[in-house]
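Q: Dumping the structure here so I can ask a few things about it.
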């Protein structure tokens, strides 16, 4: 597995990637016709500006509002995400990535279409989830990546997706070692049991020790009170809920919360 150069992409060690959670998109259960496209675009733009003014290192777009999620999304989801990103593209000042939940094929295709610098997705494995069995064929995903000419787009892979548990009884270290040997991803993301809830620091340590040559990110539950402890172990973090107004996942990003969070991060990084 190649060694992913985090500093080369984000310009810093231990980068923090802030979420731009898109509202419900066309065909999803909570989609509101009156909100699309202009309110959706303006919400994304507001979140981008708040994250960037707050000092974030990177941005990740996801279709968070499309709950409950599909394992193979329709073309309308990829098209609408591409449309929104295209509308806000010129306002993005930091490296950005995409995640079409829970569809790795759509995620890779979207990343190519919008020239994303990275993509987060579930790359391989089988999991029992609240939405059914997640069964990802890693070989097919990586072949799709090859066909799309996306080898240069780093994949941030869920080791353990939220709302799910791995089938087969293997522990997280064994899973990480297997995925590393099979070279399916550039960064491993360790999640808590659900959005906004962290794993333990011990979980991060276990994965780091299992795959010392692969960057490991805290994927859920980062906040200003725990990020210093996690960054003593993790190589970076993806954060969404704690940066929202009131700490509520579905609310807009709060610039003040971003600034407070990033101040702690800068202290950890030594300025």
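None of the figures in this text is laboratory data; all of them are computed from the coordinates on show. Predicted model only: the values in this text are computed from it and were never measured. Counting neighbours? That spans all protein chains shown, and the Cβs are built from the backbone with ideal geometry, glycine included.
Q: For the stretch 1-159, what class follows from the C-alpha gyration tensor (a ≥ b ≥ c being the square roots of its eigenvalues): rounded when a/c is under 1.5, otherwise prolate if a/b is larger than b/c, else oblate? Mind showing how you got there, number by number?
A: Working: a/c = 1.68, a/b = 1.04, b/c = 1.61.
Verdict is oblate for the stretch 1-159.
Q: Defining a contact as two alpha carbons under 8 Å apart and six or more residues distant in sequence, what relative contact order in percent does the chain show? Don't jump to the answer; show the numbers that get you there.
A: Details: 563 pairs, mean separation 50.9, N = 271.
This gives 19 percent for the chain.
Q: Which value at 222 nm does the chain reach when only helices count, each DSSP H run of 4 or more adding -39,500 (n - 2.57), with the total divided by all residues and rounded to the nearest 500 deg cm²/dmol?
A: The helix contribution divided over the chain gives -11000 deg cm²/dmol.
Q: Now for a different question. Who wins for biggest fluctuation among 98, 216, 73 in a Gaussian network model of the chain, springs between alpha carbons below 10 Å?
A: Top of the fluctuation ranking is 73.
Q: Rank the residues 107, 200 as a footprinting-exposure proxy: fewest other Cβ atoms within 10 Å of their Cβ go first. Display every interim value, and only then the final one.
A: Details: 107 33, 200 12.
Placing the least packed residue first, the sequence is 200, 107.
Q: Specify whether the C-alpha gyration tensor of the chain places it in the rounded, prolate or oblate class, a ≥ b ≥ c being the square roots of the eigenvalues: rounded for a/c under 1.5, otherwise prolate if a/b is larger than b/c and oblate if not. Please list the in-between numbers first.
A: Numbers: a/c = 1.42, a/b = 1.08, b/c = 1.31.
Rounded.
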